[in-house]
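Everything below concerns the one structure shown next.
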Amino acid sequence: MRTFFLLALVFLSAAVFSQRSKIETIVIGLDQKGHAETEWPFDLSFYISGAVGEDVMAVVYNYRIQNEMTRKKKWVSFPDPGLTDSTGYLKKPRGWKPGVGDNSKFVMLCDGLHPNVKYDFQFVLTRKVKLDDKLVEEMRKKLADHLKGFFKSKLETEITSENLKSENTALRGIIMSYFPGKDLRMKADTTKKFDFNIFDLSPAVRIAQAQSPNFINATTTYQKETKKVIAVFTGITSQLFADIDLIQKDRIKLNGYSKEVLKVPFNPGLDEFKAYTLLDGIKLLRQISLRPSIMEDILTGKLKIINNSFTESGGEYHTESILFLSSVLSELSSGVIRDTVEGVEVPRFSYFKSMQESFEKMSSNIRKIADARSELSQVQSLLPDILSKIVQLEGVETEVLPVVDVVSDKTPYISAEAGIAYVQTFQSVAHYRGANIYFAPIEKRAPLKNFKGINRVWKSLSFQIGVANFFGDRAVNTYSLLGKSAKTADLNLALGWRLNRIIKINAGIIPYKTNNFNSINDKTKTRAAGYVSIGIDVNLLKAFGDVATLLSL
């Protein structure tokens, strides 16, 4: 009865001891450089946690095995050389950055360490460093001037990926000149080094780049047609002045339609000229015919028309002045102004016919130029927004905190086992209890599937020594090595293989003595009975600790 009670207790205890516990957390103090004060778990994932200041933007940890500690430890599998650098540290360390909520501590997962091995850990802390406000403001102004100059100059050429890249480089150079030797990062993304691309900082820059070729092509065509118009116009200024003078002095007989056309608002689609009549346009042409250079100055952006007079345009095309003037010339060339000569209506200003195609191309392309310039001007208006993104910088400093000689848990290689055995020699069943001596440290909570190759062998194979009791009577003339009483337990020796956390199978022998009661030779002999068994394997020291933990809840 005592034996059955013992077996039941072992089986029940094993079920409790093998329960998965919560992932363990190792708390470290990063302000205390040096050696780890506690042993760290092995063969199981665990968390590493520590307190950090509010200025910490990220924590990264890495580790390596101290090679001198592993020369005789066959169960240690070194990391793949492809995953480590020349110093033995992993190429892809784990990291942490503050999230929503409590940012005063970090928590990072460690996949697991080897048992009884020394490690070198290092923690890299990235901290924010406040930049000098005065320098930042000074830098902002210099960046603004540089960006304005860049976009203004590119209106005359073209905005390309290459010159945007060059501008990026120039802007970075300005920033670094104010903070030499500083490690900078963009506030919007604390995981990356300081970097930006003005192409991505505002949609307006993308639109400007797309419009830039249109602006260049339209400008080229417009300038080409402008030269043609100016060349023709210069040759007809005398005749133009004479015709306009006749109309103003009413010395020609205009038909009724022509007289009406001259009085009606001519081009209501142009906001600045919606009240102008064709006669107003002819009067302006009269002034231009007296000084032909005015025509060239208007078409090249030096002058514009304001209140029936000419004023400086600031070097930019005044779209409505050019469209108005072009429409006046185009309308006159169509022959709407006619007078009667010897009973026949004759169109005036027919000499503008040769410029009709150029007028149309000029109007079309000056509109394209205006549209492209409008898109490009958005970049100028959004420069403050772009600048605000560029200067959202913060200084960063990193500190490497080593934690050396981290030792993983030391654990006995010995566990306790109880189970049932079948003894082939006696064709009998026995119950046994004993100790397993493993060839590597064992963490019973770690699933065996986590281990591969030779590591799996070391974690599964063990030598067993214990005692066994047969169910029922012993075989006749057999005695235990441990005593001659029929109730004395037998010594058992075996090699075992762990199937999972607690189930184990074994194959071994039970040595025993036998006596054949020969009257001539009464000596006993030692023999061995083979057996196979299955049992429950428990790490008692660890189990007692788990029980104590459970009882304390």
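Taking Ser293 and the conditions (1) modelled with pLDDT under 90; (2) within 24 Å of Thr221 (Cβ to Cβ); (3) among the polar types (S, T, N, Q), which numbered condition does it fall short on, given that it satisfies the others?
So Ser293 meets the others, but not (1).
Given the criteria assigned to a loop (DSSP other than H, G, I, E, B), within 60 Å of the chain's Cα centre (by Cα) and exposed (fewer than 14 other Cβ atoms within 10 Å of the Cβ), does Glu360 qualify?
Working: assigned to a loop (DSSP other than H, G, I, E, B): no; within 60 Å of the chain's Cα centre (by Cα): yes; exposed (fewer than 14 other Cβ atoms within 10 Å of the Cβ): yes.
The answer is no for Glu360.
State all residues of segment 260-293 that are loosely packed, with under 13 Cβ neighbours inside 10 Å and closer than 15 Å to Ile337 by Cβ; if no residue qualifies, say none.
Glu260, Lys263, Val264 - these are the residues of segment 260-293 that are loosely packed, with under 13 Cβ neighbours inside 10 Å and closer than 15 Å to Ile337 by Cβ.
Need at least 2 residues that are under 24 Å from Val538 (Cβ atoms) per element, so show me which strands (runs of 3 or more DSSP E) inside segment 418-519 make the cut, counting only ones lying wholly within it. Break it down into steps so the answer makes sense when it comes.
Numbers: elements: 428-438, 461-470, 478-480, 490-498, 503-515.
Here the list reads 428-438, 461-470, 490-498, 503-515.
Out of Leu164, Leu171, Leu155, report the one residue that is within 30 Å of Thr219 (Cβ to Cβ) and modelled with pLDDT under 75. Spell out how you get there, then give the answer.
Working: Leu164 fails: modelled with pLDDT under 75; Leu171 fails: modelled with pLDDT under 75.
So the residue among Leu164, Leu171, Leu155 that is within 30 Å of Thr219 (Cβ to Cβ) and modelled with pLDDT under 75 is Leu155.
Please verify whether Glu272 is modelled with pLDDT of 85 or more, acidic (Asp, Glu) and more than 60 Å from the chain's Cα centre (by Cα), treating the condition exactly as stated. Quick ask: steps written out before the conclusion?
Numbers: modelled with pLDDT of 85 or more: yes; acidic (Asp, Glu): yes; more than 60 Å from the chain's Cα centre (by Cα): no.
Judged against the criteria, Glu272 is not a match.
Looking at Arg456 and the list (1) touching a residue at least 12 places away in the same chain (Cβ under 8 Å); (2) surrounded by fewer than 19 Cβ atoms within 10 Å (Cβ to Cβ); (3) closer than 30 Å to Gly112 by Cα, which single condition is not satisfied?
Arg456 satisfies every listed condition except (1).
Are any of the residues in segment 183-199 surrounded by 11 or more Cβ atoms within 10 Å (Cβ to Cβ), at pLDDT 70 or above and either aliphatic (A, V, I, L, M) or over 30 Å from Ser374 (Cβ atoms) (or both)?
Scanning segment 183-199 turns up at least one residue that is surrounded by 11 or more Cβ atoms within 10 Å (Cβ to Cβ), at pLDDT 70 or above and either aliphatic (A, V, I, L, M) or over 30 Å from Ser374 (Cβ atoms) (or both).
Do you know which residues across segment 209-265 are within 18 Å of Tyr317 (Cα to Cα), among the aromatic types (Phe, Trp, Tyr) and at pLDDT 85 or above?
First, pick out the residues of segment 209-265 that are within 18 Å of Tyr317 (Cα to Cα): 211-230.
Going one step further and asking which of them are among the aromatic types (Phe, Trp, Tyr), we end up with 215, 222.
Once the filter is applied, which keeps residues that are within 18 Å of Tyr317 (Cα to Cα), among the aromatic types (Phe, Trp, Tyr) and at pLDDT 85 or above, segment 209-265 yields only Tyr222.
For the structure I just gave you, tell me whether Asp55 is assigned by TED's automatic domain parsing to the domain that holds Tyr119, of a type in the set (D, E, K, R) and either modelled with pLDDT of 80 or more or touching a Lys or Arg at 6+ places or on another chain (Cβ under 8 Å) (or both).
Yes; evaluated as a whole, the condition is true for this residue.
Which residue out of Lys97, Lys118, Lys92, Lys142 is within 25 Å of the chain's Cα centre (by Cα), at pLDDT 80 or above and surrounded by fewer than 19 Cβ atoms within 10 Å (Cβ to Cβ)? Before the answer, list the steps.
Working: Lys97 fails: at pLDDT 80 or above; Lys118 fails: within 25 Å of the chain's Cα centre (by Cα); Lys142 fails: within 25 Å of the chain's Cα centre (by Cα).
Just a single option satisfies the conditions, and that option is Lys92.
Are any residues in segment 298-318 in contact with a Phe, Trp or Tyr (Cβ under 8 Å, 6 or more places away or on another chain) and of a type in the set (D, E, K, R), and if so, which ones?
Residue satisfying the conditions is Lys304 alone.
Do the conditions hold for Ile305, that is, is it at pLDDT 85 or above, farther than 16 Å from Thr226 by Cα and crowded, with 22+ Cβ neighbours inside 10 Å? Working first, answer last.
Values: at pLDDT 85 or above: yes; farther than 16 Å from Thr226 by Cα: yes; crowded, with 22+ Cβ neighbours inside 10 Å: yes.
Taking the combined requirement at face value, the residue satisfies it.
For segment 153-163, indicate whether the set of residues that are surrounded by fewer than 13 Cβ atoms within 10 Å (Cβ to Cβ) and touching a helix residue (DSSP H, G or I) at 6+ places or on another chain (Cβ under 6 Å) is non-empty. Full working, then the answer.
Kept after step one, since they are surrounded by fewer than 13 Cβ atoms within 10 Å (Cβ to Cβ), are these residues of segment 153-163: 153, 156-157, 161-162.
Of the ones still in play, those that are also touching a helix residue (DSSP H, G or I) at 6+ places or on another chain (Cβ under 6 Å) are none.
Checked against the condition, which is being surrounded by fewer than 13 Cβ atoms within 10 Å (Cβ to Cβ) and touching a helix residue (DSSP H, G or I) at 6+ places or on another chain (Cβ under 6 Å), segment 153-163 yields no hits at all.
If Ala446 satisfies all but one of (1) under 23 Å from Ala421 (Cα atoms); (2) among the hydrophobic types (A, V, I, L, M, F, W, C); (3) under 53 Å from the mean Cα position of the chain (by Cα), what's the number of the condition it fails?
(1)
Of Leu254, Leu246, which residue is free of Cβ contacts under 8 Å to residues at least 24 places away in the same chain, assigned by TED's automatic domain parsing to the domain that holds Ile282 and surrounded by 13 or more Cβ atoms within 10 Å (Cβ to Cβ)? Lay out the reasoning, then the answer.
Working: Leu254 fails: free of Cβ contacts under 8 Å to residues at least 24 places away in the same chain.
None of the others qualify; the one that does is Leu246.
The rows are residues; the columns are (1) closer than 26 Å to Tyr119 by Cα; (2) buried (at least 16 other Cβ atoms within 10 Å of the Cβ).
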{"site": "Gln427", "(1), (2)": "no, no"}
{"site": "His431", "(1), (2)": "no, yes"}
{"site": "Ile442", "(1), (2)": "yes, yes"}
{"site": "Leu448", "(1), (2)": "yes, no"}
{"site": "Gln464", "(1), (2)": "no, yes"}
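Please tell me if Ala440 is touching a Pro at 6+ places or on another chain (Cβ under 8 Å) and either assigned by TED's automatic domain parsing to the domain that holds Glu39 or small (Gly, Ala, Ser) (or both). Steps first, answer last, please.
Details: touching a Pro at 6+ places or on another chain (Cβ under 8 Å): yes; either assigned by TED's automatic domain parsing to the domain that holds Glu39 or small (Gly, Ala, Ser) (or both): yes.
Answer is yes for this residue.
In segment 392-412, which residue that is among the hydroxyl-bearing types (Ser, Thr, Tyr) and either surrounded by 15 or more Cβ atoms within 10 Å (Cβ to Cβ) or modelled with pLDDT of 85 or more (or both) is nearest to Arg127 (Cα to Cα)?
Taking segment 392-412 and keeping what is among the hydroxyl-bearing types (Ser, Thr, Tyr), we get 398, 408, 411.
Narrowing further to those that are either surrounded by 15 or more Cβ atoms within 10 Å (Cβ to Cβ) or modelled with pLDDT of 85 or more (or both): 408, 411.
Working: Ser408: 30, Thr411: 39 Å.
My answer is Ser408.
Restricting to segment 523-533, what's the tally of residues that are modelled with pLDDT of 85 or more and surrounded by fewer than 15 Cβ atoms within 10 Å (Cβ to Cβ)?
Start the filter on segment 523-533 by keeping residues that are modelled with pLDDT of 85 or more, which leaves 525-533.
Next, only the ones that are surrounded by fewer than 15 Cβ atoms within 10 Å (Cβ to Cβ) stay: 525-528, 530, 532.
Final tally of qualifying residues: 6.
The values are calculated or read from the model by the stated rules, or taken from the named source; none is laboratory data. Model, not experiment: these values are computed from the prediction. Glycine also receives a Cβ, built like all others from the backbone with ideal geometry; neighbour counts cover every protein chain displayed.
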